Every structure is written in structure tokens, then in C-alpha cells.
């Protein structure tokens, strides 16, 4: 028993398992949401390629960074982390758009 918190080790283990299950569920949802997002960005890539537009859109990217930083702050998430996460996703999207433009996808 952890007298400082008034819990037994079994209670802590059970609580830990419950929390980890919630994390696992959220991770699965994140993956499904990313897959859905990439379906849409792939459509954008094909439209851009057909119209001869560049893969990258710095203005759109800046707008998205600002929007997601604000959402992160509202959600009590580190805005710098949210920006890094978005930048990683955007880099992958641009890579896909470049591959689409040359007929690799």
C-alpha cells in the first residue's frame, strides 16, 4: 500500500492499465485520422498536378501553422510541439505531391 496516496499497488496497476488503454485508443484514432487526412491531401496533389500548380503552398502552410498553434494553446498543448507535428505532416504531403506531379503515385 502506498500510504502517501492511500492506494494499493494493485489499484495503481489497474488504474495504469485503464489509462494505457485510453492512450492506445487515442493512438488508434490518431492513425485513422491521419489516414483520412492523407486521402484528402492526395486528392489535392492530383488537382495541383493537373493544374500545373507547385507542390508546396507556403501561404497555406503559414495559415495552418498559426491556426494549429492557436488550437494547441486552447487545448493546453505545447504550440511548438503542434507546429513541429504539423511541419512533419506537411513535409510528407509535399513529398507525396511531388511524386504525384512526376507520375510516381
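Rule-based calculations on the coordinates, nothing more; no lab input. All values reported here derive from a predicted model rather than from experimental measurement. Ideal geometry is used to build each Cβ from the backbone, glycine not excepted, and the neighbour counts take in all protein chains shown.
Structural remarks
- Fluctuation leader among 20, 43, 67 - the chain, Gaussian network, Cα springs under 10 angstrom: 20
- With respect to the chain, whose longest principal axis is taken over its alpha-carbon atoms, helix 58-74 is tilted by about 20°.
- For region 35-49 versus region 61-97, the gap between their alpha-carbon centres in whole angstrom: 17
- Crossing angle, helix 79-101 versus the chain [Cα axis fit, 0-90 degrees, rounded to tens]: 40
- Choice from 56, 70, 14 showing the highest fluctuation, given a GNM over the chain with Cα pairs closer than 10 Å: 14
- The calculated FRET efficiency for the pair residue 8 and residue 78, based on their C-beta separation and a Förster distance of 35 Å, comes to about 0.55.
- Value of relative contact order over the chain, rounded to a whole percent, pairs C-alpha under 8 Å and six or more apart: 28
- Each stretch of four or more DSSP H residues adds -39500 (n - 2.57); spread over every residue of the chain, this sum gives -28500 deg cm²/dmol at 222 nm.
- Burial ordering of 100, 26, fewest other beta-carbon atoms within 10 Å first: 26, 100
- Label separation (residue 105 vs residue 26): 2.8 nm, computed from points 7 Å beyond Cα along the C-beta direction.
- Of 76, 95, 32, the sequence from fewest to most neighbouring Cβ atoms within 10 angstrom is 76, 32, 95.
- Nearest-ten-degree value, helix 9-51 long axis tilted from longest Cα axis of the chain: 10
- GNM result for the chain, Cα springs below 10 Å: residue of 73, 61, 92 fluctuating most strongly: 73
- A straight chain from residue 89 to residue 42 at 0.36 nm per residue would run longer than the Cα-Cα distance by 15.7 nm.
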